[in-house]
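Report on the following structure.
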Amino acid sequence: MIALNLIYATYAIWLREVKVFFREKERVVSAIVTPLLWILIFGAGLGSSVKINGIDYQRFIFPGIVGMAVLFGSIFYGLYVIWDRKLDFLKEVLVAPVPRSAVFIGKMLGGASDVLLQIAILLAIGVALGMTTTMSAILSFAVCILLSFCIVSLGLIIGANMKSPEGFNLIMSFVLWPMFMLSGALFPVENLPAYLAVLIPLNPLSYGVDLLRYVMLGGRTAFGVATDLMSLGLFSIVFAAAGIYSFEKMKM
Amino acid sequence: MSAIEIVKLKKYFGKIAAVNGISLKIEEGEIFAILGPNGAGKTTTIFMLCGLLQPDEGTATVAGFDVTREPFKVRQKIGVVFQSPSVDDLLTGRENLEMHAMLYGMPLDQIGKRIDTMLRLVGLEERQHSQVREYSGGMRRRLEIARGLLHHPKVLFLDEPTIGLDPQTRQHIWNYIRRLSEKEKVTIVFTTHYLEEAERFADRVAIIDKGKIIAVGQPKRLIESLGGDTAFFKTAQPEKVASKMKKMNGILNVKVIGDQIKATVKNPQKQLPIIFRRFRSIKSVALQPATLNDLFMKYTGKQIREEEGEGGYHERIMRSQRE
């Protein structure tokens, strides 16, 4: 009975997140348009003079841009918790007879759903433009499920611990851009100078991008498929645990 | 059994005691007001009773459960209407209620019916499928009240339920609250800094200031305990009249202020004619009926200010709306 109630509560929170997402059209549109700009302008622009490992640059960065879409979508979603708090909507949830872990899981699944919907659209566009195949897109989607659990949890940790939206720019400068640039999304990570190379394995997105590139372009992986999967799994578990802890500590 | 029992409750923020040793019993079915100026500790008290803040000292039980040891049981038994709007703008009125029902683990086959009933009771049936961002301040409040009562709580907490609403809307909200409290047989605890709301709508009131209770009782009794209404007499010989007045029964706190005499007059309907007959030099009198504010003045030496320090409900809605 109690377990059933937990599932309802988690479902209720998930449902709210998904409904809100669909009603904020601007968010959906910008979540799709930004990655397309990267692919169509940056990818084509740099691609006109650069090839990587014999692969057309646009095709090379497509997996990276999918990873970026997961990263930005997930972190922005997590930062949204601040709005929830400002809106006082969160009070309604926190005063309900529901453990914080269920609140966290509901929000995590809600955020992952939002992100995965954006990814599905992005992958469909990728297939339409000939950047990848249908089969690769489906496998990529599966990778993104795991990756979004991981990064949404990270976003929620940040959101739960941030006091006000003013810290937003700091998160951009110190979390989002470094994670994006040091993930191998835009360039291969194998030949980097040592001081940068040490940072790559600490970044969960590196494993996601590595896996995505593997399923889309085939051939070599930087870390190996098993390492990628295990690392992502491990990061997800650690982030989820830290996220639940942060939600339990969270004050109004 | 009391609906709420608070014993020596304390909460510190840093070194400041926001709630400084409050003890209180609230009986089942009562409409109970916590009256005090901004920053008196009203919201902090409510938050502790809802389990949203941990008390630093003392204990509190709500609906028979200890707020620190059994917070989930307490939460199941209470409904809360927060000071600032906590309904989701982008959901419809009905969706907000559906989510609440699921969070409180209501049996799925009863949810639809119960929501219909509550929407009807607060007059939002026709707007139930509109997103809340299209609602007025009063409608949001009504939706929150319906939501607070949806899961059949034993106690409903209302933190400044009419803050920032215009007087007519405030009156409406109170009509709804009173009607619902009768229908749902629920104990109601509300905080307010509006004197007349505590006087008119509460069975009993606790007046608090700086985290301490300064008086508890029925509003009427508390006002009576002041000994009468305040009268201002105008006369050419204030000193002379005042010294004689001081000796009369039923007249208290006689004071000369300029060319006026200020005094507390018990039962003024009977006493004023007698005073007029006795002191022919009195030209006019202004009578101020006693209010809880006078009681507050008596104990603290200051007024309960009615302006809103923290911004009204509408401002909060404006501020809180998503960009």
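Numerical summary
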quantity: Unit charges on C-beta of K, R, D, E only; dipole of chain A, Debye; calculated: 320 debye
quantity: Rounded to the nearest 20 debye, dipole of the protein assembly as shown from Cβ charges on Lys, Arg, Asp, Glu; calculated: 2740 debye
quantity: C-alpha long axis of helix A:225-249 to longest principal axis of chain A, angle in °; calculated: 30 degrees
quantity: Label-point separation in nm, residue A:23 to residue B:280, each point 7 Å along Cα→Cβ; calculated: 7.6 nm
quantity: Assigned charges on the beta-carbon of Lys, Arg, Asp, Glu; the stretch B:1-120 dipole about Cα centre (debye); calculated: 300 debye
quantity: Environment charge at residue A:33 (Cβ cut-off 14 Å; Lys +1, Arg +1, Asp -1, Glu -1); calculated: +1
quantity: In the stretch B:23-83, trypsin sites (Lys or Arg not before Pro) in a DSSP loop with at most 15 other beta-carbon atoms within 10 Å; calculated: B:69
quantity: Solvent-accessible surface (1.4 angstrom probe) belonging to residue B:163, in square angstrom, nearest 10; calculated: 10 Å²
quantity: Positive-end residue, the stretch A:2-249 charge dipole about Cα centroid, Cβ charges, pick of A:12, A:241, A:66; calculated: A:12
quantity: Sum of side-chain charges, residue A:185 neighbourhood, beta-carbon under 13 Å (Lys, Arg +1; Asp, Glu -1); calculated: 0
quantity: Helix B:108-121 axis, angle to chain B major axis (alpha carbon atoms, nearest 10°); calculated: 30 degrees
quantity: Reach of residue B:255 by Cα under 23 Å, taken over lysines that are not fewer than 8 positions away in the same chain; calculated: B:234, B:240, B:244, B:246, B:247, B:266, B:270, B:283, B:298, B:302
quantity: By accessible area with a 1.4 Å probe, ligands and nucleic acids excluded, highest first: order of B:16, B:223; calculated: B:16, B:223
quantity: Nitroxide proxy distance, nm - points 7 Å out along Cα→Cβ at residue A:172 and residue B:179; calculated: 5.0 nm
quantity: At least 20 Å² of accessible area lost relative to the chain alone, listed for the stretch A:17-40 with a 1.4 Å probe; calculated: A:19, A:20, A:23, A:24
quantity: Cα-based helix-to-principal-axis angle, A:100-128 vs chain A, degrees rounded to 10; calculated: 30 degrees
quantity: Most positive-pole-ward Cα, A:49, A:111, A:137, against dipole of the stretch A:2-249 from beta carbon charges; calculated: A:111
quantity: Solvent-accessible heavy-atom area per residue, rounded to whole Å², over the stretch A:24-93 at 1.4 Å; calculated: 38 Å²
quantity: Fraction of accessible area attributable to carbon and sulfur, the stretch B:1-68 (%, probe 1.4 Å); calculated: 52 percent
quantity: Inter-label distance, nm, simple model (7 Å from Cα along the C-beta direction), residue A:226/residue B:131; calculated: 5.0 nm
quantity: Total accessible surface hidden between B and A, rounded to 100 Å², 1.4 Å probe; calculated: 2900 Å²
quantity: Separation between Cα centres of the stretch A:107-136 and the stretch B:48-101, rounded to whole Å; calculated: 39 Å
quantity: Accessible area per residue in Å² at 1.4 Å probe, computed on the stretch A:134-252; calculated: 49 Å²
quantity: Relative contact order (%) - criterion: Cα under 8 Å, at least six apart; region: chain A; calculated: 26 percent
quantity: Heavy-atom accessible surface of the stretch A:2-249: percent carbon and sulfur, 1.4 Å; calculated: 72 percent
quantity: Average partner coverage of B:96-102, which counts Cβ from other chains inside 10 Å; calculated: 5
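The values are calculated or read from the model by the stated rules, or taken from the named source; none is laboratory data. Since the structure is predicted, the reported quantities are computational estimates derived from the model, not experimental observations. Here the Cβ is made from the backbone with ideal geometry for all residues, glycine too, and neighbour counts use every protein chain on show. We work out accessible area using only protein heavy atoms, side chains counted, and drop any ligands, DNA or RNA first. Shrake-Rupley method; radii C 1.70, N 1.55, O 1.52, S 1.80 Å.
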